[in-house]
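Taking it in order: structure first as structure tokens, then the write-up.
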Amino acid sequence: MIYLLCDRLSPTSFFKPYYDILPPTLSNMPIFWSQAELDLLKGSYLLTQIADRIAAIEEDYAAILAVAPDLANVASLTDFKWARMAVCSRNFGLVINGVRTSALVPHADMLNHYRPRETKWTFDNSEQAFTITALQDIKAGGQIYDSYGQKCNHRFLLNYGFAVEENREADGFCPNEVSLELALSPPPPAAAPSPDHLSADGDAPAAVPPPATDFEASKYAFWIRDGPGNNKRIRVCQSNNDATKSLFSMLRVLTASSEDMAAITSAGPYMYRSCRDVRFALSLDSERRALRELARICGEALAAYPTTLAQDNEQLATEGRLAPFSNERHACIQVRGEKEVLHHFVRLSEVALEAIDAQTDDSFEAIVRRVSETENTSIAQYVKDVVNGVRREEKRKGRLLSAAAAAGGEEEGGRAVEVGVEVAAVAEDA
């Protein structure tokens, strides 16, 4: 990147033709958006990522100036930001003669993104050249595309300056994600009465916040086992993938009762190493609490956006409302994708809670059949795997308890018979 900033100033540079066709500005990149354009992302965690990216670039520029102050004569901070994003959006990761590196490849970096991919690229060591190979026939005169990979729109927008309106794979999978934040407050520390806790006359102590219970302390200790901090953030999409399983694990810990924590801690440190490892429902009550918390979190996230999903869809569908390839359109595509994921998890919560509350096996099976036919695959999978699994486990435990109770009753009945015989014998003797 520093080489590009310095070499582009030379009128005799070998790469001058390449520098001449690079875009002089990158106004499509969110780090260069106006405040009015950024406001279109209100409610999205992408705003935090944009601010973090800007801060990181500014810190890098200052750090380089500290050891090479002459850079200020070559490139301003704006130039530095331009170069950083030009390289970020155009570099190729290559292995050249056994060495892993990155490179700018003139012409190849002009290919637009398309999925599923129609070409593949590599550095051919035998040819000592960068090569692009067609994976299928390409119509004469047709555009040659590159695949930037299966990515969430927030990555496309932040790193490349665009969002894909129909960001779906050939099998229907949508990689768009939303960032959810889960928070568990630390338990109150044990403390002596402070002036704030004295009665009106200043003598007798008033009520003091109770110290943390063992349950609260153990729950918080488990929550921060994978790293300090009350708040944890996780990105999830409309899928039953590893991230979604981690989300449900964290929700189970976040809403855990004392009985839940006893079950978690008694399993040993290798069964549940952190709050992301409780991959199985602990009980129907536990899962019910987790689902309600998930619905609450998603509902609050949806309320933070100034527009609804229906309004976004209307804007994108109305011809002439949002110009093609404009920052306004890409912002709308981005927040719409996040809202779709949030609505997915709200719906999952509704359907799963209905299944948990089913009173009979027949009513539960009817729900399973319905969701299998009408709902998203991952919602149906959650009901069939997680809810059905914990229902079966609780029924098994119920049968064991009933059998134990029956066995205990028989034992008590036998003792009653023996006592009755003894009493009768005493009466006869009397």
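The values are calculated or read from the model by the stated rules, or taken from the named source; none is laboratory data. In this text the structure is predicted, and so the values were computed from the model without any measurement. Using ideal geometry, Cβ is built from the backbone for each residue, glycine included, and neighbour counts are taken over all protein chains shown. Protein only, heavy atoms only, side chains kept; ligands, DNA and RNA dropped before computing areas. Shrake-Rupley method; radii C 1.70, N 1.55, O 1.52, S 1.80 Å.
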May I ask you to verify whether L294 is of a type in the set (A, V, I, L, M, F, W, C), over 15 Å from the mean Cα position of the chain (by Cα) and open to solvent by less than 40 Å² (accessible area, probe 1.4 Å)? no
Could you tell me which of the residues R168, R117 is of a type in the set (D, E, K, R) and touching a Cys at 6+ places or on another chain (Cβ under 7 Å)? R168
Is at least one residue of region 215-232 assigned to a strand (DSSP E or B) and either closer than 30 Å to V335 by Cα or modelled with pLDDT of 95 or more (or both)? yes
Every residue from region 231-258 that is closer than 21 Å to S44 by Cβ and basic (K, R): K232, R233, R235
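Given the criteria among the small types (G, A, S) and either farther than 30 Å from R391 by Cα or open to solvent by less than 20 Å² (accessible area, probe 1.4 Å) (or both), does A281 qualify?
Answer is no for this residue.
Give region 88-101 a look and list any residue that's under 19 Å from F156 (Cα atoms) and out of contact with any helix residue (DSSP H, G or I) (no Cβ under 6 Å at 6 or more places or on another chain), or say none.
Listed by number, the residues that qualify are N91, F92, G93.
Look at region 337-359 and say how many of its residues are open to solvent by less than 60 Å² (accessible area, probe 1.4 Å), of a type outside the set (V, I, T) and under 22 Å from C174 (Cβ atoms).
Looking only at that region, the number is 10.
Yes or no, residue by residue, for (1) closer than 18 Å to I379 by Cα; (2) outside any loop (DSSP other than H, G, I, E, B):
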position	(1), (2)
S249	yes, yes
G268	no, no
M271	no, no
R279	yes, no
A290	yes, yes
Complete set of residues in region 96-110 that are open to solvent by less than 60 Å² (accessible area, probe 1.4 Å) and either over 20 Å from R8 (Cα atoms) or of a type in the set (D, E, K, R) (or both): I96, T101, D109
Does V67 satisfy being among the aliphatic types (A, V, I, L, M) and either in contact (Cβ under 8 Å) with a residue 24 or more places away in the chain or crowded, with 16+ Cβ neighbours inside 10 Å (or both)? no
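Would you mention how many residues in region 297-308 are hydrophobic (A, V, I, L, M, F, W, C), part of a helix (DSSP H, G or I) and surrounded by fewer than 14 Cβ atoms within 10 Å (Cβ to Cβ)?
Filtering region 297-308 for residues hydrophobic (A, V, I, L, M, F, W, C) gives 297-298, 301-304.
Now narrow it down to the ones that are part of a helix (DSSP H, G or I): 297-298, 301-303.
Retained after the next criterion (residues that are surrounded by fewer than 14 Cβ atoms within 10 Å (Cβ to Cβ)): 303.
Counting residues in region 297-308 that are hydrophobic (A, V, I, L, M, F, W, C), part of a helix (DSSP H, G or I) and surrounded by fewer than 14 Cβ atoms within 10 Å (Cβ to Cβ) gives 1.
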Can you pull out the residues in region 208-257 that are over 26 Å from C174 (Cα atoms), hydroxyl-bearing (S, T, Y) and surrounded by 13 or more Cβ atoms within 10 Å (Cβ to Cβ)? S218, Y220, T255, S257
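From the list Q311, Q334, pick out the single residue that is surrounded by fewer than 18 Cβ atoms within 10 Å (Cβ to Cβ), out of contact with any Asp or Glu (no Cβ under 7 Å at 6 or more places or on another chain) and assigned to a helix (DSSP H, G or I).
Only one candidate qualifies: Q311.
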Kindly state which helices (runs of 4 or more DSSP H) lie completely within region 342-430 and contain at least 1 residues that are over 30 Å from Y45 (Cα atoms) and at pLDDT below 95. 361-374, 388-429
Which pairs turn up if I take residues in region 18-36 that are of a type outside the set (A, V, I, L, M, F, W, C) and look for partners that are not in a loop (DSSP other than H, G, I, E, B) with beta carbon separation below 7 Å, at least 6 apart in sequence or on another chain? N28/N327; P30/I50; P30/L157; P30/L158
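Out of the strands (runs of 3 or more DSSP E) lying entirely within region 83-162, which hold 2 or more residues that are within 22 Å of P17 (Cα to Cα), touching a residue at least 12 places away in the same chain (Cβ under 8 Å) and not small (G, A, S)?
91-96, 129-134
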Does region 113-129 contain any residue that is under 20 Å from N28 (Cβ atoms) and open to solvent by less than 60 Å² (accessible area, probe 1.4 Å)? yes
